[in-house]
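**Q** This is the structure, below, for whatever I ask next.
The values are calculated or read from the model by the stated rules, or taken from the named source; none is laboratory data. Note that the structure is a prediction, hence the values are computed from the model and not measured. Methodologically, a virtual Cβ is constructed for each residue, glycine included, from the backbone with ideal geometry; neighbour enumeration extends over all protein chains shown. To get the accessible areas, we keep the full protein, side chains included, count just its heavy atoms, and leave off ligands, DNA and RNA. Shrake-Rupley method; radii C 1.70, N 1.55, O 1.52, S 1.80 Å.
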Amino acid sequence: QVQLVESGGGLVQAGGSLRLSCVASGGTFSNYGVGWFRQAAGKDREFVAGMSWDGDRTIYADSVKGRFVITKDNLKSSVYLQMNSLKPEDTAVYYCAAKHGYEISNARLYGWWGQGTQVTVSS
């Protein structure tokens with residue numbers, strides 16, 4: 001059983017930056033692919049960024065390419081999402097997730113989820 005705990009959300013002005021963190025406990029973190037997803041009010045959960053278990057592959061949603069960076073630190077059992085040039089449309093609850101296997105963009109394939117952290121970007 002893997003537990004994931006996110007932190008780092010908050011209120012930021014448009015153009016600002018935030019760094020989300022997600023710490024995992026249980027299991028062997030180096031074996032897991034990881035992803036960040038977000039859900040805005042009234043909308044479906046959407047994929048933001050993902051990294052394969054070996055770090056060889058990263059994928060980003062088109063809406064965040066060039067602005068967000070996902071990193072994974074196996075020694076700290078942590079995954080991070082550096083968010084730059086934030087826009088009001090980035091406002092959402094952000095979730096980290098972990099899974100076995102190489103596919104990293106499909107939310108349905110993730111077995112473990114954090115509780116989410118709110119990110120609000122003001123205009």
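**Q** If I take every Cα pair under 8 Å that is 6 or more residues apart in the chain, average their sequence separation and divide by the length, what percent do I get for the relative contact order?
**A** 36
**Q** Computed FRET efficiency, Cβ-Cβ of residue 41 and residue 63, R0 22 Å: what is it to the nearest 0.05?
**A** It comes to 0.85.
**Q** Lys and Arg at +1, Asp and Glu at -1: add these up for the other residues within a Cβ distance under 13 Å of residue 35 and post the number.
**A** +3
**Q** Given a 1.4 angstrom probe, I'd like the percentage of the accessible area of the chain that is carbon and sulfur, rounded to a whole number.
**A** Solvent-exposed carbon and sulfur of the chain make up 48 percent of the total.
**Q** If the only charges are +1 at each Lys and Arg Cβ and -1 at each Asp and Glu Cβ, what is the size of the charge dipole of the chain around the Cα centre, to the nearest 20 debye?
**A** 80
**Q** I'd like the Kirkwood hydrodynamic radius of the chain, using the inverse of the mean 1/r over distinct C-alpha pairs, in Å.
**A** Taking every pair of different Cα atoms in the chain, averaging 1/r and inverting gives 14.1 Å.
**Q** Here's something else I'd like to know. How large is the accessible surface per residue of the chain, computed with a 1.4 Å probe and reported in Å² as a whole number?
**A** 50
**Q** Longest span of the chain, sites excluded, free of trypsin sites (Lys or Arg not before Pro) in DSSP loop with at most 11 other C-beta atoms within 10 Å?
**A** 66-123
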